[in-house]
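The values are calculated or read from the model by the stated rules, or taken from the named source; none is laboratory data. Please read these numbers as outputs of a predicted model, since none were measured by experiment. All Cβ positions, glycine included, derive from the backbone under ideal geometry; neighbour counts span all protein chains shown. The protein model used for the area step is the full one, side chains on, heavy atoms only, and it has no ligands, DNA or RNA in it. Shrake-Rupley method; radii C 1.70, N 1.55, O 1.52, S 1.80 Å.
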Amino acid sequence: MPTAPEELIQHTADFIRAKFLHEGSGHDWEHIRRVWQVARALARQTPQANLLVTELGALLHDVADWKFHDGDEEAGPRAARQWLESQQTPEAVIGQVEAIIREISFKGLGVATPMSSLEGELVQDADRLDAIGAIGVARAFAYGGHKNRPLHDPSVPPVQHESFASYKQNTAPTINHFYEKLLHLRERLNTPAARRVAEQRHAYMEQFLAQFLREWEGQDVAEL
Ligand code: ADP
Ligand code: NI
């Protein structure tokens, strides 16, 4: 017998919390918890959205990210299917969640990443909001540290990645990631509500970058 929706969501949250609790690369349980909360808030403003699909998509969106699985883009959808099948989830729901995971990721500036469902649009917005603002700054440097990247290197200019392959191979300093992705997310949101939240987060990141570069160049100590 299929598990009741509330029970399935709770089991999935427990499963993912246990799996990601000690993850240090910026894909930790708290990231997933925030995406889940924000996706739910966006869904509340979107009566046509299916709440079960939205919540499962949010909870499972990073279950096996290609960045941590040798670039295997099907690892996530596969792991989600395996979990949902173990919970006797209806096939229609599994298919929709798989699609969200397959489509959600940013794949480089030159690559469009449209979502094929309304629920996917909400989860993608929630995930992208968590990549900008103060938390976005913290997560970018957590990721860069995890990958042993330098904070900044002015001799390595940002690149406009035109293909997913080029984006995947990127090993640039963390500051470049702002110019290659994070400063563009505001323009790539699906819902007006997420765009409203993004305004202030975006402005904060710009302020952070201006201050970072000022300190890097020693401009604020030049007149000591
Ligand atoms: P998305 O779900 O939008 O595809 P990712 O899974 O690519 O996001 O990224 C997860 C987190 O790691 C985000 O906060 C992102 O900014 C950060 N991150 C990803 N790639 C890099 C990178 N090359 N340098 C710094 N931070 C990165
Ligand atoms: Ni995520």
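Could you check how many residues of region 167-199 are among the aliphatic types (A, V, I, L, M) and not in a helix (DSSP H, G or I)?
Within region 167-199, residues that are among the aliphatic types (A, V, I, L, M) and not in a helix (DSSP H, G or I) number 2.
Could you grab the pairs with beta carbons closer than 8 Å, sequence gap of 6+ or different chains, first residue in region 107-135 and without any contact (Cβ under 8 Å) to a residue 60 or more places away in the chain, second one of a type in the set (A, V, I, L, M)?
Every condition considered, the pairs that remain are Ser116/Ala99; Ala131/Ala140; Ala131/Leu182; Ala131/Leu185.
Pairs, please: C-beta under 6 Å, at least 6 apart or cross-chain, first residue without any contact (Cβ under 8 Å) to a residue 60 or more places away in the chain and in region 151-178, second among the charged types (D, E, K, R) and surrounded by fewer than 16 Cβ atoms within 10 Å (Cβ to Cβ)?
Pro173/Asp153
Taking Ser163, is it more than 14 Å from the chain's Cα centre (by Cα), within 21 Å of Asp62 (Cβ to Cβ) and small (Gly, Ala, Ser)?
no
Using the structure shown, decide if Ile32 is at pLDDT 95 or above, within 13 Å of ligand 1 (Cβ to nearest atom) and either hydrophobic (A, V, I, L, M, F, W, C) or not in a helix (DSSP H, G or I) (or both).
yes
List every residue pair whose Cβ atoms lie under 6 Å apart, where the two residues are 6 or more positions apart in sequence or sit on different chains, the first residue falls within region 9-20 and is surrounded by fewer than 16 Cβ atoms within 10 Å (Cβ to Cβ), and the second residue, located anywhere, is part of a helix (DSSP H, G or I).
Arg17/Trp29
Restricting to region 136-160, count the residues that are polar (S, T, N, Q) and either more than 30 Å from Trp29 (Cβ to Cβ) or under 18 Å from the mean Cα position of the chain (by Cα) (or both).
Qualifying residue count, region 136-160: 2.
Scan region 75-84 and give yes if some residue there is more than 16 Å from ligand 1 (Cβ to nearest atom), open to solvent by 10 Å² or more (accessible area, probe 1.4 Å) and of a type in the set (Phe, Trp, Tyr), otherwise no.
Within region 75-84 (the criterion being more than 16 Å from ligand 1 (Cβ to nearest atom), open to solvent by 10 Å² or more (accessible area, probe 1.4 Å) and of a type in the set (Phe, Trp, Tyr)), the answer is yes, since at least one residue qualifies.
Which one of these does Gln160 not meet: (1) farther than 17 Å from Asp130 by Cα; (2) within 11 Å of ligand 1 (Cβ to nearest atom)?
With respect to (1) farther than 17 Å from Asp130 by Cα; (2) within 11 Å of ligand 1 (Cβ to nearest atom), Gln160 is out only on (2).
Please go through region 178-224 and give me each residue that is more than 24 Å from Val159 (Cα to Cα) and open to solvent by less than 60 Å² (accessible area, probe 1.4 Å), ordered by number.
Selection gives Asn190, Thr191, Ala193, Ala194, Gly218.
Within region 85-117, can you find the residues that are surrounded by 15 or more Cβ atoms within 10 Å (Cβ to Cβ), among the polar types (S, T, N, Q) and away from ligand 1 (no atom under 12 Å from the Cβ)?
Correct list: Gln87, Thr89, Gln96, Ser117.
Can you confirm whether region 166-177 contains a residue that is on the phi > 0 side of the Ramachandran plot and loosely packed, with under 15 Cβ neighbours inside 10 Å?
No, there is no match, as no residue in region 166-177 is on the phi > 0 side of the Ramachandran plot and loosely packed, with under 15 Cβ neighbours inside 10 Å.
When you check Glu187 against the structure, is it over 25 Å from Glu23 (Cβ atoms) and either without any contact (Cβ under 8 Å) to a residue 24 or more places away in the chain or near ligand 1 (Cβ under 8 Å from one of its atoms) (or both), yes or no?
For Glu187, the condition - over 25 Å from Glu23 (Cβ atoms) and either without any contact (Cβ under 8 Å) to a residue 24 or more places away in the chain or near ligand 1 (Cβ under 8 Å from one of its atoms) (or both) - is met.
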